[in-house]
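*Asks:* Input: one structure, supplied below.
The values are calculated or read from the model by the stated rules, or taken from the named source; none is laboratory data. The shown structure was predicted, so the numbers you read here are calculated from the model rather than taken from an experiment. Neighbour counts run over all protein chains shown; Cβ positions are idealised from the backbone, glycine included.
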Amino acid sequence: IVSCVWFSGRNSTSRCREISVQNETRTICTLSYLFFKWSLCREEREGRSDDPGDMRPILVAACLLLLAPITDSWWASGSAVILDPRMVCKKNRRTKGRLAQICRNETGLLKEISRGVSLGATECAHQFRNRRWNCTTQRRSMRNILMRDTRETGFVNAITAAGVTYSITRACTAGSLLECSCEKEVSKPRRGRVSPVPLPPAPAQTDRWQWGGCSDNVRFGLQKSREFMDSRYRKKSDIKTLIKLHNHNAGRLAIKSNMRVECKCHGLSGSCTLRTCWWRMPSFREIGDRIRDKFEGAAKVIANNDGDSYMPESTNIKRPGKKDIIYSEESPDFCMPNLKTGSLGTQGRQCNISSAGTDSCDQLCCRRGYAQSTIRETENCNCQFKWCCEVICETCYVKRDIQTCL
């Protein structure tokens, strides 16, 4: 369940239990409301007056208050970033098209989508670990962040789309999905055109190589990611939807445009007289680095006069490309807690006194100062190799100074 993975990280069981309790509360309140309406109708037929001590209206009101946070839960907030396949399929069970077909017939694909969202969440936390906004998994905070079109929202949209594409493609290569397999055919360039495929370098002019092996089927991953994440928004043309779809595509292109060629040598004693080459995706950490670079240079856009496109906010800025991240709303400074913007503030965060980057005490603490303390940690020391095959270490205690934002 994607919402459980993203909400609570490793501690997903508590979140799943919370969702279960909320569903039970919804059922109980619905039955209570129906009973209340039935009892009122019966009393009207029998001609009885209202009892001033009747507690049923109060009970119904209490139930409605209990239901309020359910309808405002993170995965129900309208954000396409936090994909819960179960909820998406439930909302589209009566529709037609590829999304409905995936929900009905491709359960294995839904599992890979869940893994992809978890992969994107983990990478987001890594890339922003040293920033004021650290891609928190706090539900209400993230929900408010994603309801805005800031640079942070653009990054989360892009990294989630990339995670879904990556997970599906990897499953195809591993043979985990019945719907796909390796990419065994590589399209050849037409005559007179330059090949978009970078040919693998040869150590000598006499070496030969050929396409083969098991290439990552990134085309299938891109296709399924679009069908599941974008199909619900294709008929919309408001600026918020256009930005969301653009950033989804930017995340996918971070994978497609960074595919690399791997080769295996054949010949006597590894002489490499013939090589077999195939396409391979880079590590997802590298994909995250690429998307973070695009985040640093994100372009602000505004709605065009036609109402169904966008343009750069300033005429001095070139139009953003397909691989760029775009946004339409400036980010808060994230220095102080703010429920409206989703900022949790930086009080209590550890900073690096010797750094000049985003994790420095000056930037992370917003110049409020920091407190220094000493902690005691354990680490392995005096390690020795014992034949065979074991490494034996002693446990040493070390003291370390840490700085915490005020």
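*Asks:* Working only within region 312-331, note down all residues that are surrounded by 15 or more Cβ atoms within 10 Å (Cβ to Cβ) and closer than 21 Å to R148 by Cβ. I'd like the intermediate steps shown before the answer.
*Replies:* Going through region 312-331, the residues surrounded by 15 or more Cβ atoms within 10 Å (Cβ to Cβ) turn out to be 312, 320, 323-328, 331.
Once the filter is applied, which keeps residues that are surrounded by 15 or more Cβ atoms within 10 Å (Cβ to Cβ) and closer than 21 Å to R148 by Cβ, region 312-331 yields P312, P320, D324, I325, I326, Y327, S328, S331.
*Asks:* For region 228-241, give me each residue that is touching a helix residue (DSSP H, G or I) at 6+ places or on another chain (Cβ under 9 Å) and buried (at least 16 other Cβ atoms within 10 Å of the Cβ).
*Replies:* Those that are touching a helix residue (DSSP H, G or I) at 6+ places or on another chain (Cβ under 9 Å) and buried (at least 16 other Cβ atoms within 10 Å of the Cβ): F228, M229, D230, S231, R232, Y233, T241.
*Asks:* For a quick check of your reading of the model, give me the residue pairs whose first member lies in region 230-259 and is part of a helix (DSSP H, G or I), whose second is surrounded by fewer than 19 Cβ atoms within 10 Å (Cβ to Cβ) and acidic (D, E), with beta-carbon atoms closer than 8 Å and at least 6 apart or on different chains.
*Replies:* L242/D308; L245/D230; H248/D230
*Asks:* State whether one or more residues within region 278-297 are in contact (Cβ under 8 Å) with a residue 60 or more places away in the chain, part of a loop (DSSP other than H, G, I, E, B) and within 15 Å of G321 (Cβ to Cβ).
*Replies:* For region 278-297, residues in contact (Cβ under 8 Å) with a residue 60 or more places away in the chain, part of a loop (DSSP other than H, G, I, E, B) and within 15 Å of G321 (Cβ to Cβ): absent.
*Asks:* Here is a follow-up. Scan region 310-318 and tell me whether some residue there is in contact with a Lys or Arg (Cβ under 6 Å, 6 or more places away or on another chain), under 22 Å from G163 (Cβ atoms) and in the same structural domain as R151 (by TED's automatic domain parsing).
*Replies:* no
*Asks:* Additional query: Give the number of residues within region 337-349 that are surrounded by fewer than 14 Cβ atoms within 10 Å (Cβ to Cβ) and not in a loop (DSSP other than H, G, I, E, B).
*Replies:* Total meeting the criteria: 1.
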